[in-house]
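The values are calculated or read from the model by the stated rules, or taken from the named source; none is laboratory data. Everything numeric here is computed off the predicted structure, so don't read it as measured data. We place every Cβ from the backbone using ideal geometry, glycine too, and count neighbours over all the protein chains shown.
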Amino acid sequence: MIQIDEKICTGCRTCEFACAFQQKGTFHDGHSLIRIQKDKREEGFFLVTACRHCPSAPCIPACPAEAIKKDSRSGMVRIDRGRCTGCGECVGACPYSAPLLNSNEGVAQICDLCQGDPLCIKFCQPGALRSA
């Protein structure tokens, strides 16, 4: 899991580029499953949006297609792309608005933790992203 400390995020967005490269082999931030935005409430602070693989995972019961499951061993939340209808109910249920609706593929996507070795953590120089 990824632990996020938004207080020390500098907004460099290197994590976004690392994620995009891992996911799609490009440095286009639109392919990233982690997103950095300026906090509109407080100058100089940034909001980090990524799946936190919540223990309660409110996205799971919200999914009418039953496409979202939690791995009992790892605790990782996964979306079955074959079952996902792209309805967006998971986005509304997520307290972090982490799922992304991929309009090209018609499915929701969340962080897959780079199959257990999150690249975003390796490239986060301020240390705002850490292994939990």
**Q.** Hits in region 36-49 - residues which are out of contact with any Cys (no Cβ under 8 Å at 6 or more places or on another chain) and free of Cβ contacts under 8 Å to residues at least 40 places away in the same chain
**A.** 37, 38, 39, 40, 41, 42, 43, 44
Q.
I want to confirm something. Restricting to region 45-80 and keeping residues that are small (Gly, Ala, Ser) and assigned to a loop (DSSP other than H, G, I, E, B), which single residue is surrounded by the most Cβ atoms within 10 Å (Cβ to Cβ)?
A. 50
Q) Can you name the condition, by its number, that residue 117 falls short on among (1) in the same structural domain as residue 11 (by TED's automatic domain parsing); (2) modelled with pLDDT of 95 or more? A) (2)
Q: Determine if region 81-95 includes at least one residue that is modelled with pLDDT of 95 or more, acidic (Asp, Glu) and in a helix (DSSP H, G or I).
A: yes
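I'm trying to understand the selection: among the residues of region 96-132, which are part of a loop (DSSP other than H, G, I, E, B) and under 16 Å from residue 58 (Cα atoms)?
Those that are part of a loop (DSSP other than H, G, I, E, B) and under 16 Å from residue 58 (Cα atoms): 96, 97, 98, 99, 110, 111.
Looking at 52, 83, can you tell me which residue is within 12 Å of the chain's Cα centre (by Cα) and among the basic types (Lys, Arg)? Give the derivation first.
Details: 83 fails: within 12 Å of the chain's Cα centre (by Cα).
None of the other options fit; the residue is 52.
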Q.
So, residue 32, is that one within 15 Å of residue 114 (Cα to Cα), of a type in the set (Ser, Thr, Tyr) and either touching a Phe, Trp or Tyr at 6+ places or on another chain (Cβ under 6 Å) or free of Cβ contacts under 8 Å to residues at least 60 places away in the same chain (or both) or not?
A. yes
Q: Say whether the condition of being of a type in the set (Gly, Ala, Ser), at pLDDT below 95 and out of contact with any helix residue (DSSP H, G or I) (no Cβ under 8 Å at 6 or more places or on another chain) is met by at least one residue in region 31-41.
A: no
Q) Within the set of pairs 6+ apart or on separate chains, which have a first residue in region 51-77 that is among the hydrophobic types (A, V, I, L, M, F, W, C), a second that is in a strand (DSSP E or B), and C-beta atoms under 6 Å apart? A) 57/70; 57/77; 59/68; 60/68; 67/79; 68/79; 77/70
Q. Across region 1-44, what is the total count of residues that are hydrophobic (A, V, I, L, M, F, W, C), within 12 Å of residue 128 (Cα to Cα) and surrounded by 14 or more Cβ atoms within 10 Å (Cβ to Cβ)?
A. 6
